[in-house]
1. Being without any contact (Cβ under 8 Å) to a residue 12 or more places away in the chain and of a type in the set (D, E, K, R) is the filter; apply it to the range 70-109 and report the residue that is surrounded by the fewest Cβ atoms within 10 Å (Cβ to Cβ).
2. Is there a residue in the range 88-111 that is more than 16 Å from the chain's Cα centre (by Cα) and in a strand (DSSP E or B)?
3. Looking at Asp112 and the list (1) more than 30 Å from Thr10 (Cβ to Cβ); (2) of a type outside the set (A, V, I, L, M); (3) surrounded by 13 or more Cβ atoms within 10 Å (Cβ to Cβ); (4) modelled with pLDDT under 90, which single condition is not satisfied?
4. For residues that are in a helix (DSSP H, G or I), surrounded by 15 or more Cβ atoms within 10 Å (Cβ to Cβ) and more than 11 Å from the chain's Cα centre (by Cα), scanning just the range 12-69, find the one that is modelled with the lowest pLDDT.
5. Taking the range 90-111 as the region of interest, how many residues are over 28 Å from Thr6 (Cβ atoms) and of a type in the set (A, V, I, L, M)?
Amino acid sequence: MIAYETRTGTIHISSGYLSKLIGQAVTSCFGVVGMVPNGGRQRLFHLLSRKQTIDQGIRVKGDADAITVELHIVVAYGMNINAIAKSIVHKVKYTVGEATGIRVEKVTVKVDGIEA
């Protein structure tokens with residue numbers, strides 16, 4: 001959870017909200033087929049439920065000054081991976097900055113698969 005003080009009070013932003021916000025931004029990018037679960041808890045949840053959730057494959061670290069984001073994605077076959085990654089980085093930084101005012105310091109995009 002990220003919390004910061006304003007002149008009218010304290011604002012709390014949960015990591016779940018940030019994950020869902022980032023997940024929406026990533027999956028709306030052209031060439032992204034889906035997200036891949038990372039970490040033990042996400043993999044276990046995916047195995048038990050067999051449901052695709054918008055916040056899987058996303059790891060957010062940081063505080064109110066700046067955050068770093070790690071993404072695990074699946075891309076469409078035949079797409080330029082470099083162009084997709086640049087698009088994702090730009091969209092995540094813009095979306096998080098506009099919605100929360102928090103600066104995204106670094107976005108790491110890891111391609112874990114290619115689907116036809």
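1. Glu98
2. Within the range 88-111 (the criterion being more than 16 Å from the chain's Cα centre (by Cα) and in a strand (DSSP E or B)), the answer is no, since none of the residues qualifies.
3. Evaluating Asp112 over (1) more than 30 Å from Thr10 (Cβ to Cβ); (2) of a type outside the set (A, V, I, L, M); (3) surrounded by 13 or more Cβ atoms within 10 Å (Cβ to Cβ); (4) modelled with pLDDT under 90 leaves (4) as the failure.
4. Selected residue: His46.
5. Going through the range 90-111 one residue at a time, the tally reaches 2.
The values are calculated or read from the model by the stated rules, or taken from the named source; none is laboratory data. All values derive from a computational prediction rather than experimental measurement. A quick note on method: Cβ atoms are made from the backbone with ideal geometry, for glycine too, and the neighbour counts reach across all protein chains shown.
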